[in-house]
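Peer 1: Below is the structure I would like to discuss, written out as structure tokens.
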Amino acid sequence: MPWTLNSLSLSRGKQFHQGGRTAADDDESEVLAPSRYPELKKWGIEPTRDGRLSKFLQLYQDDTEAGMGGGADYEACDDVLKSYAKQQRHSQRIADMLGKGALEDVDENDAAFLSARDTTSPSEVNIQTTLERNLKRQRNDDKQGRIKAFLSRKGCLCALVILLVLIVAGVVLIVRATKKNSLDPVSAGTPGSVAGIPETGSNSTVVVQKFPPVTFNQHHDFSWAPPSWQKAPPVPVWTQYFSRAVPNPKVSPDIFKCTVNIPKVWSATFDDGPSPVTHILTDYLKSKNVLTTFYVIGSVAVKHPQIMVDTFNAGHEISIHTWSHQNLTATALADENQFIAELVYGAKVIYDVLGVAPRYFRPPYGASGERVRRLAATMGLTSVSYLDSQDWMHYNELAKLETIVPPNFRKWVSQSRTHDITLQHDVWEPEVVVAKEALDILLNAGYTLKPVFECLGESSPYGNKILEGFFKSGQFETRDRVLPVYSS
């Protein structure tokens, strides 16, 4: 058998015991000082590191000096040591593992070293097999360790992300629940308020009432109101106040169409209320999940403030339709002071009862023009016109209305009209009956119905700062002088 580290260790180990040495002798020379074997240092081998091999060499030399062995064996050992040094200290590491039983410390270079050696020693084959098995196990352990470390890091990150998502979701749910409780008549206990009304159309989504409901005050003081259905008395200082508040008004054209970028959108509007039959219409609108716009006459609203409150609380838009339904054009109402008074009194009842200042109004009969738009602009108001359903032609005759209003809507649908703002009324019951038929035609055709401000892409129909400032300044009550323009 050729001399190798393993075979040399095994053969000399046998001679060691045959030479009569004991286990105690083995323990006494576990590590040999480097000075005893300068040959080892010359080849880059530290005996203090390779204690088992150094000890064996010492024993081998002692036996040789005692006449127990030949120099040829020592020369073979010398060749082995030279090979040991030339193989980049791999045999040193393996010898160390042989001496200490540390086979689990093997690495890929050690395995390659053994694989490249030309040996037939069963012991070396066994060692090589053991090393390869340990190396495979080590690789598996390393892989599992990396996987565990990766999962540990990712697990912490995922847990953090999930926690943040749960926190955000919880906050959203709390906000929604709070908002629902403040608007829902069932949960909040507010009579007549409606929340979570879905939009109409083929792709219905949920919309929530945008404005807080109001509580009806049975003791509203309307002592300021002029006689019903009579022209509002002119107050010159009001006109002067608005001309000072808005010396250069931005005049907008009359609005005839919706502008929101939605296909098949429609705005159905109702004039001249509120009336005892308004609730029939609002009940129908609620059943269809539809919101719309009501242009109220001031002298009528002071007689039915509860109905106006209920309509507002149902989520519908409330806007101005003057005080007494006067034609506002110059030929019919030449006095600008009276023009301003018609709009001021119409706005006053809405402001007192609902606490809001509208931004839109509808001139009676659709009668508008440059003068109407300019004077309205000094008050922060914009005119909204309409596509006429002609329900006013036979307002209290259902049979005749059936031949006019529904056919008009069928015609418009067949013409694929869209983005229109239609005029109807909620004064007489026949008007409400045909209104329900007309809206059914639109809904069944897949139209989405919206109040005017939404069909214009606006977030609110209220918040008119000029009107609010007018009422807060005290100018409404002051008739003998012009007060300073209100500034918040």
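The values are calculated or read from the model by the stated rules, or taken from the named source; none is laboratory data. All values reported here derive from a predicted model rather than from experimental measurement. Quick reminder, even Gly has a Cβ in these numbers, built from the backbone with ideal geometry, and neighbours come from all protein chains shown. For accessibility, only protein heavy atoms count, side chains too; no ligands or nucleic acids. Shrake-Rupley method; radii C 1.70, N 1.55, O 1.52, S 1.80 Å.
Peer 1: Measure up K231/K286; K264/K472; K210/K231; K288/K348; K210/K250; K436/K472 against 29 Å on the Cα-Cα distance and list the ones that go over.
Peer 2: K231/K286; K264/K472; K210/K231; K288/K348; K436/K472
Peer 1: Right, another one. Using a Förster distance of 35 angstrom, determine the FRET efficiency expected from the C-beta separation of K257 and A330, and round it to 0.05.
Peer 2: Efficiency at R0 = 35 Å is approximately 0.85.
Peer 1: With a ≥ b ≥ c the root eigenvalues of the C-alpha gyration tensor of the range 318-410, is it rounded (a/c under 1.5), prolate (a/b larger than b/c) or oblate?
Peer 2: Taking the square roots of the gyration eigenvalues as a ≥ b ≥ c, the range 318-410 is prolate.
Peer 1: While we're looking at this one, here's another question. Note down the Stokes-Einstein diffusion coefficient of the range 267-315 in µm²/s, whole number, using a Kirkwood radius over alpha carbon pairs, 10 °C, and 1.306 mPa s.
Peer 2: 147 µm²/s
Peer 1: Rounded if a/c is under 1.5, else prolate if a/b is larger than b/c, else oblate: which is the range 442-488, with a ≥ b ≥ c the root eigenvalues of its Cα gyration tensor?
Peer 2: prolate
Peer 1: Once R0 is set to 35 Å, what does the formula 1/(1 + (r/R0)^6) return for the Cβ-Cβ distance between Q240 and H220, expressed as a FRET efficiency to the nearest 0.05?
Peer 2: 0.80
Peer 1: Read phi for every residue in the range 268-276 and hand back ³J(HN,Hα) as whole Hz from Karplus 6.51 cos²θ - 1.76 cosθ + 1.60, θ = phi - 60°, with x for Gly and Pro.
Peer 2: Working through the residues one at a time gives 9, 10, 10, 10, 6, x, x, 9, x Hz.
Peer 1: Apply the a/c threshold of 1.5 to the C-alpha gyration tensor of the range 221-286 and tell me whether it is rounded, prolate or oblate.
Peer 2: On the way: a/c = 3.47, a/b = 1.25, b/c = 2.79.
Here the range 221-286 falls in the oblate category.
Peer 1: Further question: Return one whole number: the accessible area per residue of the range 356-488 in Å², for a 1.4 Å probe. Display every interim value, and only then the final one.
Peer 2: On the way: 5410 Å² over 133 residues.
About 41 Å² of surface per residue is accessible.
Peer 1: Now, a different point. Work through the residues other than V452 whose Cβ is under 13 Å from its Cβ and net out their charges, Lys, Arg +1 and Asp, Glu -1.
Peer 2: -2
Peer 1: What length, rounded to one decimal in nm, is gained on full extension from S287 through to K472, with 0.36 nm per residue of separation minus their alpha-carbon distance?
Peer 2: 62.8 nm
Peer 1: Report the net charge of residues surrounding P274, where surrounding means a beta-carbon distance below 10 angstrom and charges are Lys +1, Arg +1, Asp -1, Glu -1.
Peer 2: Net of charged neighbours comes to -2.
Peer 1: Can you order the peptides 241-251, 410-420 by their average number of other Cβ atoms within 10 Å per residue, highest first?
Peer 2: Output ranking for 241-251, 410-420: 241-251, 410-420.
Peer 1: Within the set of other residues whose C-beta is less than 13 Å from the C-beta of S385, count the net charge using Lys and Arg as +1 and Asp and Glu as -1.
Peer 2: Numbers: positive: K257, R362, R373; negative: D254, D271, D388, D420.
Residues near S385 contribute -1 overall.
Peer 1: Then there is this: Working only with C-alpha atoms, what are the Rg and Dmax values of the range 366-449, expressed in angstrom?
Peer 2: Spelled out, the Cα radius of gyration and Dmax of the range 366-449 are 15.1, 44 Å.
Peer 1: Using 0.36 nm per residue of separation minus the Cα-Cα distance, give me the extension gain between I162 and N248 in nm, one decimal.
Peer 2: 25.3 nm
Peer 1: Return the FRET efficiency for the residue pair N396, S228: r is the Cβ-Cβ distance, R0 is 22 Å, and the value is rounded to the nearest 0.05.
Peer 2: Calculated transfer efficiency: 0.65.
Peer 1: In whole Hz and in residue order, list the ³J(HN,Hα) couplings for the range 472-488 that follow from phi through the Karplus curve 6.51 cos²θ - 1.76 cosθ + 1.60, θ = phi - 60°; x for Gly and Pro.
Peer 2: The phi angles translate into 6, 6, x, 5, 4, 7, 8, 10, 9, 7, 8, 8, x, 4, 5, 9, 7 Hz.
Peer 1: Which far-off residues, 5 or more places away or on another chain, put their amide H under 5 Å from the one on T448, with H placed in the peptide plane?
Peer 2: Residues meeting the criterion, in which the H sits 1.01 Å from N, are V265, W266.
Peer 1: While we're on this one: Given a 1.4 Å probe and every protein chain left where it sits, what share in percent of the accessible area of the range 420-488 is carbon and sulfur?
Peer 2: Summing carbon and sulfur atoms, their accessible area is 47 percent of the total for the range 420-488.
Peer 1: What dipole magnitude, in Debye to the nearest 20, does the range 334-488 give about its Cα centre under +1 on Lys/Arg Cβ and -1 on Asp/Glu Cβ?
Peer 2: Here the size comes out at about 520 debye.
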